[in-house]
1. Kindly write out, for region B:149-166 in residue order, the coupling ³J(HN,Hα) from the Karplus curve 6.51 cos²θ - 1.76 cosθ + 1.60 (θ = phi - 60°), rounded to whole Hz, with x marking Gly and Pro.
2. Which cross-chain or sequence-distant (5 or more) residues have an amide H under 5 Å from the amide H of residue A:238, H modelled 1.01 Å from N in plane?
3. With r as the distance between the Cβ atoms of residue A:211 and residue B:115 and R0 = 45 Å, compute the FRET efficiency 1/(1 + (r/R0)^6) and round to 0.05.
4. Please give the FRET efficiency for residue B:206 paired with residue A:248, using the beta carbon to beta carbon distance and R0 = 51 Å, rounded to the nearest 0.05.
5. Return the sequence-ordered ³J(HN,Hα) values of region B:33-49 in whole Hz as given by the Karplus equation 6.51 cos²θ - 1.76 cosθ + 1.60 applied to θ = phi - 60°, using x for Gly and Pro.
6. Go through B:262-271, A:154-163, B:136-145 and give me the packing order, highest mean Cβ count within 10 Å leading.
7. Taking 0.36 nm per residue of separation and subtracting the Cα-Cα distance, what length does fully extending residue B:213 through residue B:179 add?
8. Loop only by DSSP, 16 or fewer other Cβ within 10 Å of the Cβ. Give me the chymotrypsin sites (Phe, Trp or Tyr not before Pro) in region A:1-98 that pass, ordered by residue number.
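Each value in this text was obtained by applying a stated rule to the coordinates, not by laboratory testing. Not measured: the values here are computed from a predicted model. Ideal geometry is used to build each Cβ from the backbone, glycine not excepted, and the neighbour counts take in all protein chains shown.
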Amino acid sequence: MESEMEKIRKLEEIANRIRIHVVKMIGCSGIGHAGGAVSMAEILSVLYFQEMRLDPLRPDWDDRDRFILSKGHGCPALYATLAEAGIIPMDLLPTLHETESPLQMHPELGICPGIEMSTGALGQGLSAGIGMALGAQWKRKDFRVYVLIGDGESAEGQVWEAAMFAGHRRLDNLTAILDYNRFSLTGRVEKVMPLEPLSDKWTAFGWHVVRVDGHSVTGLIQAFRLAREEKGRPTLIVADTIKGRGISYVENTASSHSISMTATELAGTLRELGCSPGEIEHAVSVRKEYR
Amino acid sequence: MENQLAPRDVLGQTLIELAEEDSSIAVLDADFCTASKITAFRDRFPDRFIQVGIAEQNMMSMAAGLSTVGFTCFASTICAFCSRRACDQVMTSIALPNLNVKIIGLYAGLFVGKNGASHQSLEDIGIMRSMANMTVVQPLDARETIQVLRYAARHRGPMYMRIGRDPLPQYVPDDYVFRPGGSITLRPGGDVALLAYGDLMPQVMSAAEGLASKGIQARVVNMSSLKPIDEEAVRAAARETGRIVTVDNHNIFGGLGSAVAEVIAEKAPARLRRIGVRDVFGKSGTNAEMLARFHLRADDIEKEVRDFLGPRFHAGNAPG
C-alpha cells in the first residue's frame, strides 16, 4: 500500500507533468489556450488518478465515470491527462490543433478516445452531464458524472438552466467543478461579470457547495470525497485557482488565456517546471511560429 | 372533415408504441407537451420522460448527454425555439458529435394558432438544412408522420422533424413507407411541376385542380424529405416539364425553393418560380388569414403558376 504522502506526491507530480505537456504542446502548435489549461492541472490529476472509475484499456466501458470539460478551450490539459492515463497515445500530443488531429482546439466527441462530449461553445457541458446522470439512474448504473465549468463561462444562461434542473432533480451522481481562476479573455471576472456571492447562488439552486484550494491535491481529494458522500443533492466544488499557474511570466493574468511562446519563454518555462536540458532542447527544436 | 387528423395528433401514441417496442426511447419536453400532444407519452412512460421547463438550450444539450448513455432521444418544442433559440446547442451538442437525438418541432411555418411572428418559424428549414449530419423532414399527413417517427427511431444520428399543427386529408397511400431522399408524386402532369410539403398541400392540390380545369396538367410532388432531397424527382421534373414551382411555408430563402434551386442550378436546368413568404416576418392570425396575407391560397398559387407559365402557354407545348 502506498502511503498517503506518496499518493499525494504522485498526484502532484502528475499535475506538474500535465503542465509540462501543455507547454510543450503549445510550443508545437505555435498557439494555445494555456492559462485555463494549467489552472486545472491538479483538478484533472486528482480526478483521473484518484477519484474516477476508469479502465484505460476500455475507454468506452459502460460503467466508467464520465468527465466533461465544459470550458472546452482548456483541452490541452485534458489531452495531456488522457495521455498520462493511457487512454490516448502519448505521441498524439505534439499533433495538438493540427487539422487532421483528434486533438482539435476544442474537444470533439467521436474523434478522440476519452472525450465524452463536444464542447467549446460555452455553457453546454453541464446540461450534457445532466443527461448522462439521468441516464445512469434510468439504467440503474452507479457511475458518476463530473463536469468542469469555467468562471467566465458561468455568465452563460444555460449554466443556470442546468443548475436549476439538477437541483430540482436532486442529481447526487453529478458533480460540477468550477475552475475559479478569476480571469476570462478580456479581464477580471469580477469586472467582466462578477459571480459572487457564488456559493449562495448555487446553494439557493439546490446544490451542495464545497470550496477548496484548486491547487491543493489534499483539499481536492477531500472535496471529491464530500461530493461522493452527499446524498440527495448535486455538488459544486468551487476550486480557487490561479490562471496560468506554472507559466510564471503570464501567471495570474488575462493574457495567459491564449499564448504563443518565444523560444526563450518556452525554454524558461520548461526549466521552471523541472525539465532536463535535453528535454528543453528538444521542445525548442520542434517549436513552431504561429502565423 | 371530422375524421381528418393533424400530424401532431399521432405524436404521443406513436412514441408510446415505439417505446413499447424499444426500451431505449426517451422523450424530452420544454413545457409544450399539452400542445404537442405528447402528454399521452408522459402519462404512459413517466420514467422515460423529462420535463425540462422552458429551457430549450438545456433540453438539447441534455438530450445529447442522455443519448451517449444509449438512449434514442426525442426532444420536442416549437419549431422556432428548436431552431432559433437552441441553434448552437443543436449544432455543438448534437450535430457535431453526430448524436442520436431526434428533434420534433411543432407549429411549422405560419400556422401557429394566431401566435404571430415570434412563434412562427420561417427560418428553421434553412437553419437545420445547413448543419452537417442533420436530416430534415416535414411529414405531410398523420400517416406519414407515423412513418417518419418510426424511421427516426431506427435511424442513427440527428434528425429534425417539422410537424404541422392542423388537420389535413390523408395523402400518402396506406402501404407507404417513408424513405429519406424519397418523394411521392401525388398527381401526374407534364406541363409544370409543383413541389411542396406539409400543410400547404391542400392549397397546392387545389391549385393543380384549378389549372387542370384550364387545360394545364400540373404534377404535384410531396417533398417531405427536405434533406436529403430527392434529386432524382427534381431532375425528372426538370426534364419532363421544364418548369418547376416550389411552395414553401417558410421564407423563400433557405426553404424547399432554395434546396430545389441548388439541384436545378448544378444538375438539371429548368425554369423555377419560388412561392413562399417573401423575406418578411409573419403576423398574428388564423391559418386562413395567413394564407390570404401571404398570398398562399389555392387561387394565389394558381395565379402565380399561370403568370410563371406566361400568357401564351397552352397545354401540350414543349417545355422551353
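1. 5, 5, 4, 4, 5, 8, 5, 9, x, x, 8, 10, 10, 9, 10, x, 8, 10
2. A:178, A:210, A:211, A:212
3. 0.50
4. 0.10
5. 3J(HN,Hα) across region B:33-49, in whole Hz: 5, 6, 7, 7, 6, 8, 4, 4, 5, 3, 6, 7, 10, x, 7, 10, 10.
6. Per-residue Cβ counts within 10 Å, averaged per peptide and sorted highest first, yield B:136-145, A:154-163, B:262-271.
7. 8.9 nm
8. Details: sites: A:48, A:49, A:61, A:67, A:79; in loops: A:61.
Answer by residue number: A:61.
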